[in-house]
Amino acid sequence: MTDKNKHYSIFGAGAAGLYTAWRLLNGKLDPNKKGLASKQLRRGDVLELYDWGRYDFVKGSKLYSGTRSAGARVCTWFYQNDPQSSYVELGGMRYSYWNSKAKDANGGLAPGHRVVTKVISMLGLDELSVPFNVTNDQLFYLRSRNFYLNEISSNDPAPYAASGFGASTTPDQGFSIVENLAVSGPMTRKQWCEFYATGTITARLPDTCVFQQGDRLEDIGYWNLLYDQLGSEGYEYAADGNGYSSNVINTHAGVSFNINNEFTPGTQYRTLSIGYSGMFSKLFDAILALAKKKGITFRYHPDTRLHSILWKGGKAAFTYASRKHPNHAAGHGEADAAWLAMPPAAIDLVAQATRYQRHPKATDVLNEERVSLYLESAILQPSYKIGMFFDHAWWAPDAENPAPYPAKITGYEVTPHVIAALATKKFPPKVLHAMASETVDYVPFETLEALVAAIEAITETPLTIAQTKQLGAAARRDTIGPSVTNSPIRMVVYFGNNARDQDPKRKKVYGILASYDDEDNTAFWRELELGPKKQREKPVSQDLQPLEGPRAVPERMTKMLRRMLAELHYGPNSSYTAVPKPLEAAYMDWSLPPFNAGYHEWAPHFDIGDVQRKIRKPSQLVPKVDAEIFIVGEAFSNDQAWVEGAYCTAESVLNDFFGIVPIIDDKEYPFICPER
């Protein structure tokens, strides 16, 4: 390597790290930013990717295989580790699809995660993108009562003494009541950014309320505002019924308005039929291919964490540690630019190594006061997920012996795969053409009758009995639920038999996310991990289970899960034996290091637009220092808890500091909040 060769180091091989490496290799220089041409990777340059874990990027490879599926806080878990079998997502699981071909695709109000959708397309994964819809009639088990969403009414309210007949409507209505204090209609991404900084309560409120007209939402905790407006019982109903405990804590109230608008009309959720982790394996494959094609030296360092980092002599000077001995530096290196593609908890571990030392000839960027302050703007939200596989879908409404309260998840949806399958059965071209119309294609239907009616409305010709049966078999795609309870399992997501190999000779296996919980519920499950007559031998602070991969659920935890699932589907005080013993069960505790959170959310009392712009290159907060050290990831994004947030922060760094042309039209879709 000559003195002119660049050396770039990325620390973290999750969504943000992989995306950064991929875009450094495939990005094009913006003609209007020729002054940054020298920062583009060229033949002979070195690109390094360090990661504390060892992800299974390439199965069977000595160099690139690992202990768990790729994706950091995305983790696809297959039954018996067979990628052709059914799977459950034990981390991030979906994305909001962006229809890039729609008339207003680049408009400010067009729904969808535009960068993730674009990446999936560029990686050639469009054919593997499948619906991941939610039910329209959710099952609840709240305060020892089982009921469905569509049963809630003034005559049969939910079991909460909420004021203003609040229990006579859906639990999410509480969020709408609070949002209506300041928001009058749909907003674009740019408008939300402005709202985060300047939004105020516009409604006139009685003097009995703590918060009043004109109060800035940036200065209000969401929990405080919910309690103030809904009262104790109204707050409890919203908290219990929405499923996410993290949605009702003291986050930035203005941001929470937007977050709790998640299921807005027009939003279409999808995942990948190979499992969501498949996107990251494909990204890694693309990185290897691009580096080889362009003559870039690519080095992958698994089981290696960033131990410390300083800016010294115009370089990022760092030390690294092994996974076996993560607290002790094992070596050192230098980089012309370094990316910390890691969550705040992991960044703080890096900062700790140099926090109590003087560095007269270097800048300790991470420990500068304003950098430390901005790093605290993201609230860590612990999460715990437990998956189970069964030999039959006992929770389904069409099970052989259905439970008294089955999950109403039956659904039908036409996709290109369905159309192709029916074409082989010699379906009439007129019918196939109708299925491809915008009123049918990718539109979820609750019943086969509704789907048939939509098709016949276009063709004006009835389907035969045989065609209806064939259509039903091909288009059946159940929703994921979820069902919601205030017990520690909180939410249950139904994955069913989603195996890629649907050979009739293959054993059918059905999966569920038996517990999707967060916040203090994680502690409930952790105490069931060890089992009887066992002492804790490893400090929780050193338990790296999220890097190792899914752990088998012990017998006591399994029994507790079965008991709570029985109450959800069979009624109060039902025996755990009502739920069959699972074929396999495993968990991921995302509250453990190095992530220490399943996701993040903005804290009040921060100008989050300024944080987004500055924290990605933290030396902007240090006078007279220009350090090529960058922070990327979902924690400091507009799309926290989503892969989209990780991709967008990484893209903004590459656009603004390396001159790379944006991956999509970002005029109405700013990757981070722009300057006001």
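Restricting to segment 413-459, count the residues that are touching a residue at least 60 places away in the same chain (Cβ under 8 Å), crowded, with 16+ Cβ neighbours inside 10 Å and not aliphatic (A, V, I, L, M).
Filtering segment 413-459 down to residues touching a residue at least 60 places away in the same chain (Cβ under 8 Å) leaves 413-417, 442, 444, 446.
Retained after the next criterion (residues that are crowded, with 16+ Cβ neighbours inside 10 Å): 413-415, 442, 444, 446.
Okay, now just the ones that are also not aliphatic (A, V, I, L, M), so 413, 415, 442, 444, 446.
The qualifying residues number 5.
Output the residue which, of all residues in segment 1-53 that are open to solvent by less than 10 Å² (accessible area, probe 1.4 Å) and β-branched (Val, Ile, Thr), is farthest from Arg73 (Cα to Cα).
Val46
Going through segment 551-568 one residue at a time, which ones are in contact with a strand residue (DSSP E or B) (Cβ under 8 Å, 6 or more places away or on another chain) and either of a type outside the set (Gly, Ala, Ser) or buried (at least 22 other Cβ atoms within 10 Å of the Cβ) (or both)?
Arg551, Val553, Met557, Thr558, Leu561, Met564, Leu565, Glu567, Leu568
Per-residue answers, yes or no, for (1) touching a Ser or Thr at 6+ places or on another chain (Cβ under 6 Å); (2) part of a strand (DSSP E or B); (3) in contact (Cβ under 8 Å) with a residue 60 or more places away in the chain; (4) not acidic (Asp, Glu):
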site	(1), (2), (3), (4)
Pro580	no, no, yes, yes
Ser591	yes, no, yes, yes
Asn596	no, no, yes, yes
Gln620	no, no, no, yes
Lys624	no, no, no, yes
Phe630	no, yes, yes, yes
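Which residues, taken from segment 378-395, are within 30 Å of Tyr196 (Cβ to Cβ) and buried (at least 23 other Cβ atoms within 10 Å of the Cβ)?
Narrowing segment 378-395 to residues within 30 Å of Tyr196 (Cβ to Cβ): 378-385.
Residues satisfying the conditions are Ala378, Gln381, Pro382, Ser383, Tyr384, Lys385.
Just to be sure before I move on: is Lys103 touching a residue at least 40 places away in the same chain (Cβ under 8 Å) and open to solvent by 10 Å² or more (accessible area, probe 1.4 Å) in the structure I sent? Break it down into steps so the answer makes sense when it comes.
Numbers: touching a residue at least 40 places away in the same chain (Cβ under 8 Å): no; open to solvent by 10 Å² or more (accessible area, probe 1.4 Å): yes.
For Lys103, the condition - touching a residue at least 40 places away in the same chain (Cβ under 8 Å) and open to solvent by 10 Å² or more (accessible area, probe 1.4 Å) - is not met.
Would you mind telling me which numbered condition in (1) assigned to a helix (DSSP H, G or I); (2) over 25 Å from Phe147 (Cβ atoms) Ala450 fails?
(2)
Quick test of your reading of the structure: Trp339 fulfils all but one of (1) out of contact with any strand residue (DSSP E or B) (no Cβ under 7 Å at 6 or more places or on another chain); (2) open to solvent by less than 10 Å² (accessible area, probe 1.4 Å); (3) closer than 28 Å to Ile608 by Cα. Name the failing condition by number.
(1)
State which residue pairs qualify: first residue within 14 Å of Pro594 (Cα to Cα) and inside segment 343-354, second residue buried (at least 19 other Cβ atoms within 10 Å of the Cβ) and charged (D, E, K, R) in any location, beta carbons under 9 Å apart, and separation of 6 or more residues or different chains.
Pro343/Arg73; Pro343/Glu634; Ala346/Arg305; Leu349/Arg305; Val350/Arg305; Ala351/Asp364
Residue-wise test of (1) closer than 22 Å to Ile480 by Cβ; (2) out of contact with any strand residue (DSSP E or B) (no Cβ under 9 Å at 6 or more places or on another chain); (3) open to solvent by 20 Å² or more (accessible area, probe 1.4 Å); (4) among the β-branched types (Val, Ile, Thr).
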position	(1), (2), (3), (4)
Lys534	no, yes, yes, no
Asp543	no, no, no, no
Glu548	no, no, yes, no
Asn596	no, no, yes, no
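Look at segment 626-658 and say how many of its residues are in contact with a strand residue (DSSP E or B) (Cβ under 6 Å, 6 or more places away or on another chain), open to solvent by 10 Å² or more (accessible area, probe 1.4 Å) and of a type in the set (A, V, I, L, M).
Residues in segment 626-658 being in contact with a strand residue (DSSP E or B) (Cβ under 6 Å, 6 or more places away or on another chain), open to solvent by 10 Å² or more (accessible area, probe 1.4 Å) and of a type in the set (A, V, I, L, M): 1 in total.
Which numbered condition in (1) at pLDDT 95 or above; (2) in contact with a helix residue (DSSP H, G or I) (Cβ under 8 Å, 6 or more places away or on another chain) is the only one that Gly531 fails?
(1)
Of the numbered conditions (1) in contact with a Ser or Thr (Cβ under 8 Å, 6 or more places away or on another chain); (2) outside any helix (DSSP H, G or I); (3) of a type outside the set (D, E, K, R); (4) open to solvent by 10 Å² or more (accessible area, probe 1.4 Å), Ser121 fails exactly one; give the number of that condition.
(2)
Let's see how each residue does on (1) open to solvent by less than 50 Å² (accessible area, probe 1.4 Å); (2) outside any helix (DSSP H, G or I):
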| position | (1), (2) |
| --- | --- |
| Tyr235 | yes, no |
| Ser246 | yes, no |
| Arg270 | yes, yes |
| Phe280 | yes, no |
| Ala286 | yes, no |
| His307 | yes, yes |
| Ala317 | yes, yes |
| Asn327 | no, yes |
| Ile347 | yes, no |
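Please work out if Pro662 is more than 21 Å from Pro604 (Cα to Cα) and either in a loop (DSSP other than H, G, I, E, B) or in contact with a Lys or Arg (Cβ under 8 Å, 6 or more places away or on another chain) (or both).
On the way: more than 21 Å from Pro604 (Cα to Cα): yes; either in a loop (DSSP other than H, G, I, E, B) or in contact with a Lys or Arg (Cβ under 8 Å, 6 or more places away or on another chain) (or both): yes.
Yes; evaluated as a whole, the condition is true for this residue.
Being open to solvent by less than 30 Å² (accessible area, probe 1.4 Å), of a type outside the set (Ser, Thr, Tyr) and outside any loop (DSSP other than H, G, I, E, B) is the filter here, so list the residues in segment 460-511 that pass it.
Those that are open to solvent by less than 30 Å² (accessible area, probe 1.4 Å), of a type outside the set (Ser, Thr, Tyr) and outside any loop (DSSP other than H, G, I, E, B): Leu471, Gly472, Ala475, Val484, Met491, Val492, Val493, Phe495, Gly496, Gly511.
What number of residues within segment 329-345 are under 20 Å from Glu548 (Cα atoms) and in a strand (DSSP E or B)?
The qualifying residues number 0.
Specify which of the listed residues (Leu181, Leu128) is over 28 Å from the mean Cα position of the chain (by Cα), of a type in the set (A, V, I, L, M), open to solvent by less than 50 Å² (accessible area, probe 1.4 Å) and farther than 21 Å from Ser245 by Cβ. Write out each step before concluding.
Values: Leu128 fails: over 28 Å from the mean Cα position of the chain (by Cα).
The conditions single out Leu181.
Can you tell me which of (1) surrounded by fewer than 19 Cβ atoms within 10 Å (Cβ to Cβ); (2) closer than 24 Å to Ile512 by Cβ; (3) of a type in the set (D, E, K, R) is the one Lys408 doesn't meet?
Among (1) surrounded by fewer than 19 Cβ atoms within 10 Å (Cβ to Cβ); (2) closer than 24 Å to Ile512 by Cβ; (3) of a type in the set (D, E, K, R), Lys408 violates only (1).
Do we have any residue at all in segment 354-376 that's within 27 Å of Thr67 (Cβ to Cβ), part of a loop (DSSP other than H, G, I, E, B) and not acidic (Asp, Glu)?
No: segment 354-376 contains no residue that is within 27 Å of Thr67 (Cβ to Cβ), part of a loop (DSSP other than H, G, I, E, B) and not acidic (Asp, Glu).
Specify which of the listed residues (Gly66, Gly71, Gly60) is loosely packed, with under 14 Cβ neighbours inside 10 Å, outside any strand (DSSP E or B) and either in contact (Cβ under 8 Å) with a residue 40 or more places away in the chain or not charged (D, E, K, R) (or both). Talk me through it step by step, then tell me what you get.
Values: Gly66 fails: loosely packed, with under 14 Cβ neighbours inside 10 Å; Gly71 fails: loosely packed, with under 14 Cβ neighbours inside 10 Å.
Answer to the selection: Gly60.
For Gly231, indicate whether it is more than 23 Å from Asn521 (Cβ to Cβ) and surrounded by fewer than 23 Cβ atoms within 10 Å (Cβ to Cβ).
Working: more than 23 Å from Asn521 (Cβ to Cβ): yes; surrounded by fewer than 23 Cβ atoms within 10 Å (Cβ to Cβ): yes.
The answer is yes for Gly231.
Kindly indicate whether any position in segment 217-228 is more than 20 Å from Asp518 (Cβ to Cβ) and either of a type in the set (Ser, Thr, Tyr) or surrounded by fewer than 21 Cβ atoms within 10 Å (Cβ to Cβ) (or both).
yes
From Pro623, Pro674, Pro572, Pro580, which residue is of a type outside the set (Lys, Arg), within 22 Å of Arg189 (Cβ to Cβ) and surrounded by fewer than 18 Cβ atoms within 10 Å (Cβ to Cβ)? Break it down stepwise before answering.
Values: Pro623 fails: within 22 Å of Arg189 (Cβ to Cβ); Pro572 fails: within 22 Å of Arg189 (Cβ to Cβ); Pro580 fails: within 22 Å of Arg189 (Cβ to Cβ).
Selected residue: Pro674, the only one of Pro623, Pro674, Pro572, Pro580 that is of a type outside the set (Lys, Arg), within 22 Å of Arg189 (Cβ to Cβ) and surrounded by fewer than 18 Cβ atoms within 10 Å (Cβ to Cβ).
Mind counting the residues in segment 139-158 that are free of Cβ contacts under 8 Å to residues at least 24 places away in the same chain, within 31 Å of the chain's Cα centre (by Cα) and not in a strand (DSSP E or B)? Please lay out each step first, then the result.
The initial filter retains those residues of segment 139-158 that are free of Cβ contacts under 8 Å to residues at least 24 places away in the same chain, namely 147, 149-157.
Those left that are additionally within 31 Å of the chain's Cα centre (by Cα): 147, 149-152.
Right, trim to not in a strand (DSSP E or B) and you get 149-152.
Residues flagged as free of Cβ contacts under 8 Å to residues at least 24 places away in the same chain, within 31 Å of the chain's Cα centre (by Cα) and not in a strand (DSSP E or B) within segment 139-158 amount to 4.
The values are calculated or read from the model by the stated rules, or taken from the named source; none is laboratory data. Everything numeric in this text was worked out from a predicted model, so none of it was measured. Please note: Cβ atoms are built from the backbone with ideal geometry, for glycine as well, and neighbour counts cover all protein chains shown. Side chains included, ligands, DNA and RNA excluded: accessible areas come from the protein's heavy atoms. Shrake-Rupley method; radii C 1.70, N 1.55, O 1.52, S 1.80 Å.
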